[in-house]
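Encoded as structure tokens, the structure appears first; notes follow it.
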């Protein structure tokens, strides 16, 4: 079965070079690499260097599609990229996700040969060497070392995590993707979870490939966490068919308790104080985002990480 790799790119840095290098040594190589390149208003003079590296990684089969910044959308841009692909399997990655080893694509897509009802698989996100202890905990909490196959039967046990899937590194079967309608065309966030909901509710399965790793980490400031969680909650408010009635607050309590145990084990229990402070910003952003449609437009844009999303008439649901 043919396989394509899809990567949205905006203001690339050295991580994209590392990503392409990691792809070039994979035991399973993509037939094509499709880049959705969002032009920046800043100097993009280095972009050609990254494109040349991608051409080498793709053995010449690199296809670059340029879009304007105002046209970018997490769901719509990825859906457009899939339409450029004819492969039976496509892998989504972000430009800052670096393969942990040469078996990433092999391990990520292996489930499709074993389980005809597996519609998607996502990989494990690992912290890089310079990550803070808090970020190391967060990656381990969200991406443990145990693989998991999730279906509708797991909703009572896993709750919202049943629908968890991340396009930082994920693979999809194209036939099922087309059957279910693919990624939602307009969303500020969570296009992966919204589609994962369709997968689960239609009787298919999602696989967490714990042995398919990418180095992907963000040490966000409290304010960045606020903006990110605001966008996350907006996407949830816009899609009540996915998120209504599936609470995520209890997961937050478990998150903080687990963090304290992790910090204590490392002999740095005091780190729970700035950690909780960051969680307060996350929760504040989440609460405001859930009520975004009742807030003044200027306040919404001030709270959002993706401000451009609210410049295109998206205040109405």
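Of note:
Here is a yes/no grid of residues against (1) surrounded by fewer than 20 Cβ atoms within 10 Å (Cβ to Cβ); (2) more than 24 Å from residue 228 (Cβ to Cβ); (3) not assigned by TED's automatic domain parsing to the domain that holds residue 285:
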site	(1), (2), (3)
133	yes, no, yes
141	yes, no, yes
147	yes, yes, yes
155	yes, yes, yes
160	yes, no, yes
185	yes, no, yes
194	no, no, yes
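- The range 32-44, residues that are out of contact with any strand residue (DSSP E or B) (no Cβ under 6 Å at 6 or more places or on another chain) and modelled with pLDDT of 90 or more: none
- Flag for residue 265 being touching a helix residue (DSSP H, G or I) at 6+ places or on another chain (Cβ under 7 Å) and assigned by TED's automatic domain parsing to the domain that holds residue 236: no
- Residue that is without any contact (Cβ under 8 Å) to a residue 60 or more places away in the chain and farther than 21 Å from residue 139 by Cβ, where the choices are 297, 265: 297
- If you check 29, 18, 63 for being part of a loop (DSSP other than H, G, I, E, B) and modelled with pLDDT of 85 or more, only one passes: 29.
- Considering each residue of the range 119-130 in turn, at least one proves to be over 24 Å from residue 78 (Cα atoms) and either touching a helix residue (DSSP H, G or I) at 6+ places or on another chain (Cβ under 6 Å) or not assigned by TED's automatic domain parsing to the domain that holds residue 83 (or both).
The values are calculated or read from the model by the stated rules, or taken from the named source; none is laboratory data. Computed from a predicted structure; not experimentally measured. Positions of Cβ are generated from backbone atoms using ideal geometry, with glycine treated the same way; all protein chains shown enter the neighbour counts.
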